[in-house]
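Right, one structure below, let's go through it.
The values are calculated or read from the model by the stated rules, or taken from the named source; none is laboratory data. The shown structure was predicted, so the numbers you read here are calculated from the model rather than taken from an experiment. Note: accessible area is taken over every heavy atom of the protein model, side chains too, but ligands, DNA and RNA are not part of it. Shrake-Rupley method; radii C 1.70, N 1.55, O 1.52, S 1.80 Å.
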Amino acid sequence: MRAVEVIMKKRGSLLNPEGSELTREELEFLVGGYVRGEIPDYQISSWAMAVYFNGMTFAETAALTDIMLHSGDTIDLEEVRKATGYTLPFVDKHSTGGVGDKMSLPLAPIVAACGVKIPMMSGRALGHTGGTLDKLESIKGYKVGLTPETFRDIIIKTGYAMTGQTKQIVPADRLLYALRDVTGTVESIPLITASILSKKVAEGSDALVFDVKYGSGAFMKTKDAATDLANSLVKTAQAMGKKASALITCMETPLGYKIGNFLELEETYDILQGKGPEDTTELTYALGAEMLILAGLAKTREEGVELCKKAVSSGKAMELFLENIRLQGGDPDAFVKACADGSGRTPFVRSIKAKQDGWLVIDAFKAGLAGVALGVGRNRTEEKVSGGAGFILKKRQGDYVKYGEEIMQVYGKDDACFADALPQLESSVSYSPTQPEKPELIYKTIR
Ligand code: URA
């Protein structure tokens, strides 16, 4: 078999512009060869672009997910059951990515405080969207490349652990994810499905909640495209023997007040104190309720939301969150102090002020791209992100502003980055003469 022939089969030709379905053997040849270092980046980029344009059948998507899943070790959580007597399903949530989308951070301790065990394997910043692992690493000392033993041990102790793809676990996703990020091949339903599910099944979850975003700041721009992705995720998960549901949620404008890496941890700390912004709190509770339904601890969303609220008001969720920081290598006291005194932010600060009077509209995609220029995400795979970069929304979509009022406080990785980032951030803001309609935060649930 030759890689170029497999690529051309997917790419198609003038007579067959949609290309043809690849067999499991052909996919195994490409992806397995890539992980073993036998097939170079440029051929995999080319194949990913062919998939971007021509898509994949359900059989191809399921085969790719399975091949990626078995590209490394999988985590067996039986020891967690034995050590703790846990009998419920292991449940996790995964978002398709957005701007200010920090929900995994408060969600895991809240749902763990309700009695569900969560093995969470997350990703890094991708394109204009932030990444849970990059956010967590902005906590000094926090480690996300856990061995399976440490991962299990931390779940036993706090009910949840946070890790990333490693050389041992889903190496195919670790490589492909980084490559897609810089080759314009992220926004593909089959590639997103295989990327998310290979991680989620490898980590040992029995049930999964997907937060599928639609809107300018999402990879799926329309509600219909997000619904297709949600169906692909739920159907493929179920074919792999997992319980699954999906919430389709709005990503037209950034979520919450704080966007960045450490800045999103500051907001997480607020959410866990019951003082978070309305939208991020509502979404955290809705996703938490869905996880509790899959675990069998709640019958309805309302019941689940009540349990999540109690986990916060009792302080139990915060306790687990701080304990998790300690167990994963951070210092909880230093973290709390940094949240209070702003020392987790960079010292390079600017302000964006209203250019005219009007009702604010803030575009999530443009704001996310500006975030990359500030240092929140990366342009090249080997680039490091800045833990302290990002921006705080002093005013949000739908607020009325007067000329000269401060809209955003902006933190850059250095002084030089503002030359690019500030005009980009300014271009994410427009002023409407009428109040913009508030988009529905949760559009639909697929169970
Ligand atoms: N999240 C993932 O884990 N993978 C993708 O491809 C997109 C979002």
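General remarks:
- Per-residue SASA remark: Ser343, around 80 Å² accessible (1.4 Å probe; ligands, DNA and RNA not included).
- Per residue, the convex hull volume that the Cα atoms of segment 3-55 enclose (Å³): 67
- Protein accessible area in segment 364-404, 1.4 Å probe - carbon and sulfur %: 50
- Structure remark: mean-square fluctuation, Gaussian network model of the chain, C-alpha springs under 10 Å; the largest value among Val349, Val336, Val209 belongs to Val336.
- For segment 42-181, the fraction of 1.4 Å probe accessible surface lying on carbon and sulfur atoms is 51 percent.
- Taking every C-alpha pair closer than 8 Å and separated by at least 6 residues, the mean separation divided by the residue count of the chain gives a relative contact order of 18 percent.
- The chain: translational diffusion in µm²/s, Stokes-Einstein, Kirkwood Rh over Cα pairs, 4 °C, 1.567 mPa s: 59
- Within the accessible area of segment 199-294 (1.4 Å probe), percent carbon and sulfur: 48
- Probe 1.4 Å, all protein chains present, accessible-area order of Lys355, Lys102, Lys444, largest first: Lys355, Lys444, Lys102
- Amide H contacts under 5 Å for Ile169, placed H, 5+ residues apart: Asp73
- Karplus 3J(HN,Hα) series, Hz, for segment 427-435 with 6.51 cos²θ - 1.76 cosθ + 1.60 (x for Gly, Pro): 6, 7, 9, 10, 10, 9, x, 10, 5
- In this structure segment 78-338 gives 30 Å² per residue of accessible area when probed at 1.4 Å with all protein chains present.
- For Lys93, the residues whose modelled amide H falls within less than 5 Å of its own, excluding neighbours fewer than 5 places apart on the same chain, are Val209.
- Per residue, the accessible area of segment 345-432 comes to 45 Å² when a 1.4 Å probe rolls over the protein heavy atoms.
- Cα centroid separation - segment 385-433 against segment 109-167, whole Å: 29
- Debye equation applied to the C-alpha atoms of segment 165-265, log10 I(q)/I(0) at 0.21 Å⁻¹: -1.22
- Computed with a 1.4 Å probe on the full set of protein chains, the accessible area for His70 sits at about 120 Å².
- The residues of segment 3-55 have, on average, 56 Å² of accessible surface per residue, using a 1.4 Å probe with all protein chains present.
- Taking the empirical scaling 2.2 N^0.38 Å for compact globular proteins as reference, segment 357-420 has a Cα radius of gyration ratio of 1.24.
- Rounded accessible area of Glu383 (nearest 10 Å², 1.4 Å probe): 40
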